[in-house]
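The values are calculated or read from the model by the stated rules, or taken from the named source; none is laboratory data. These numbers come from a predicted model, not from an experiment. Neighbour counts run over all protein chains shown; Cβ positions are idealised from the backbone, glycine included. In case anyone asks, the SASA skips ligands and DNA or RNA and just uses the protein heavy atoms, side chains included. Shrake-Rupley method; radii C 1.70, N 1.55, O 1.52, S 1.80 Å.
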Amino acid sequence: MPLRIFSEQYGKPSGRFCTWQRLKPLCPAPDPQVPSGFTSSKRSGRFCFGFRQNQVVESDIMRKSLSFVSWTLSFFCCCWITRAEVFTSIGQMTDLVYTEKELVQSLREYIKAEESKLAAVKSWATKLDALTRASTTDPEGYLAHPVNAYKLMKRLNTEWSELESLVLQNPSDGFISNMSMHRQYFPDQEDETGAARALMRLQDTYQLDSEAFSRGKLPGVHNHAVLTVDDCFDMGKTAYNDADYYHAVLWMQQSLKQLDAGEEAVVSKVDILDYLSYSVYQMGDLPRAIELTRRLVAIDSSHQRAGGNLRYFERLLSKQLKEENQAYQPASEEPIQLGTYTRPKDHLPERESYEALCRGEGIQMNEARRSRLFCRYRDGKRNPRLLLKPVKEEDEWDSPHIVRYLDFLSNEEIEKIKELAKPNLARATVRDPKTGVLTTANYRVSKSAWLDAVDDDVIARVNQRMEDLTGLAVDTAELLQVANYGVGGQYEPHFDFSRRPFDSNLKVDGNRLATFLNYKDEPDAFKRLGTGNRVATFLNYMSDVEAGGATVFPDFGAAIWPRKGTAVFWYNLFRSGEGDYRTRHAACPVLVGSKWVSNKWFHERGQEFRRPCGLTEVD
């Protein structure tokens, strides 16, 4: 946690705080102190339901009152035992009258504290009862809205814990035992943070401003789930703690906007302005940082950082203007919104083209290419199992050739596959390019399970259908992988096949050389399987997706949208065994909906006579 600085003097650290010479503006700590008048819960930076401190400590008053009652009663007993003539002295009895008055006052304070706590619990019960009625009616549909998914993570990780703390002030055995029993299944801080980051990822990919998310106005959504001032603040704080000042600005600005509009909130305007002004400074907008810091100083002139930051910003701006020989220009009056600042670049070289395809932009389909796309019935070269019911095949792309099979899976088969997969779903993994070991990664956000043909006749039947249709041996293929994408679920651009050391003599068109050099080789990724490289991918869509969730190929500008019951198929390798680097693809973030897919990866071994080598490396 960054140290907080109170002056511009030299000095030595003392505990958590330092006094030293001001060299930089002071940022709010990742876990800020609790505002005056509030009490902190067990996790720093969180507040107990917005109750003022005098309400939260009422249980302490109650305990003190009970202690006082016990002491007084003991005192009475002692008096009657030792003296037994108090009634003979009215003067002495008047003392007991005042004592009783204090007891009554203590009793009323105890009742008030209990009623206040009970009212708070009742309020939460009423709100959560309405939420659970809506969510349990259609759990998957409810969680298809990313805001609902985020708020579920937040409620179970944060707010239920705060409710537990409130009840623990006067322990309730039933509630605590229930909490203890279910806590092992609760999301943790990582889940809440992950859900927040997912909303930001959706915001970037689909170019949605914070207002749209806050009001729940997303494509394909009829019931709007809203984010409160405190929700937006927590979103901004998540970004801030990651040093992601771009998103911190967007969400702190939205939080401030809703607070200025009159919404009630636990978080104060001072805290919002504190984070917002420093984040704006980090984005390089000094005039606006100065304006926001002045607003902060106007509200709280004794703020521990604001005054020093304001002077620092003003000196820095003055120095810049002098060096550039420019006159001072006041901060723009336009509100901060999506596009005000440029999003920083990240690790993904094709980020812009990838996200554009996810939005349906930049698709390289034209009339000439469309004229080369056809549809047909496919019987697997007169396979007996397909003769009476051939599969409908549509061309999705000409080169590389990508096809879609219609009505490949029935609704009954889909439901059975999902039923088999759900108990075994675990965080999806990727293969480390250096070690070949499977591991989790931030760029793949989904859960998956692997199903074998022996698990159920449905799996065996689907496997056989894939073999009949493609003509590829399924014996050496990987198990059927079933994946479900959660809030903002995605799989960033990747290859399905393992890359071999780059051969500069490989004949390819255009600028493919640059693409080769951008990504690491992993020649031993599937060595332990002993079945060679992944020659082809067969991808089943097991759900419709209201918005987002396309499969895109940034290299040649294709986007394939999920349609329940259909499947797409493409080859990852040329006939020579060389990788087709054009097949680098991605699963776009799911904006609204729940995306279920299953896929089968066919390997080289067993295909020698089913797909023989061509005459050149790129046949």
- Find how much the distance from Glu419 to Glu352 grows on full extension, using 0.36 nm per residue of separation minus their present alpha carbon separation; answer in nm with one decimal. 20.4 nm
- Pick out, from Cys375, Met365, Leu348, the residue whose Cα sits farthest towards the positive end of the charge dipole of region 336-386, with +1 on the Cβ of Lys and Arg and -1 on the Cβ of Asp and Glu. Cys375
- Can you pick out the pairs among Lys527/Lys595; Lys381/Lys595; Lys418/Lys527; Lys154/Lys345; Lys127/Lys151; Lys418/Lys595 whose Cα atoms lie more than 21 Å from each other? Lys527/Lys595; Lys381/Lys595; Lys418/Lys527; Lys154/Lys345
- Once the Cβ-Cβ distance between Arg183 and Glu617 is put in as r, and R0 is 45 Å, what FRET efficiency do you end up with, to the nearest 0.05? 0.20
- Keeping all protein chains in place, calculate the accessible area per residue for region 229-321 (probe 1.4 angstrom), answer in Å². 36 Å²
- Distance in nm between label sites at Val454 and Leu529, each 7 Å beyond Cα in the beta-carbon direction? 1.9 nm
- What distance in nm separates the simple spin-label points at Gln320 and Ser301, each placed 7 Å from Cα in the Cβ direction? 2.9 nm
- Note down the relative contact order for region 368-418 as a percent, whole number, built from C-alpha pairs under 8 angstrom at least six residues apart. 28 percent
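Given the peptides 108-120, 271-283, 576-588, arrange them by the average over their residues of other C-beta atoms within 10 Å, most packed first.
Working: 108-120: 15.2, 271-283: 25.5, 576-588: 21.0.
Going by the mean number of other Cβ atoms within 10 Å, highest first, we get 271-283, 576-588, 108-120.
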- Message: What does the C-alpha gyration tensor say about the overall shape of region 210-268? Classify as rounded when a/c is under 1.5, otherwise prolate if a/b is larger than b/c, or oblate.
- Response: oblate
- Given R₀ = 51 Å, FRET efficiency for Ser399-Gln105 by Cβ-Cβ distance, to 0.05? 0.05
- Task: Take each of the peptides 301-309, 320-328, average the number of other beta-carbon atoms within 10 Å over its residues, and list them starting from the highest.
- Result: 301-309, 320-328
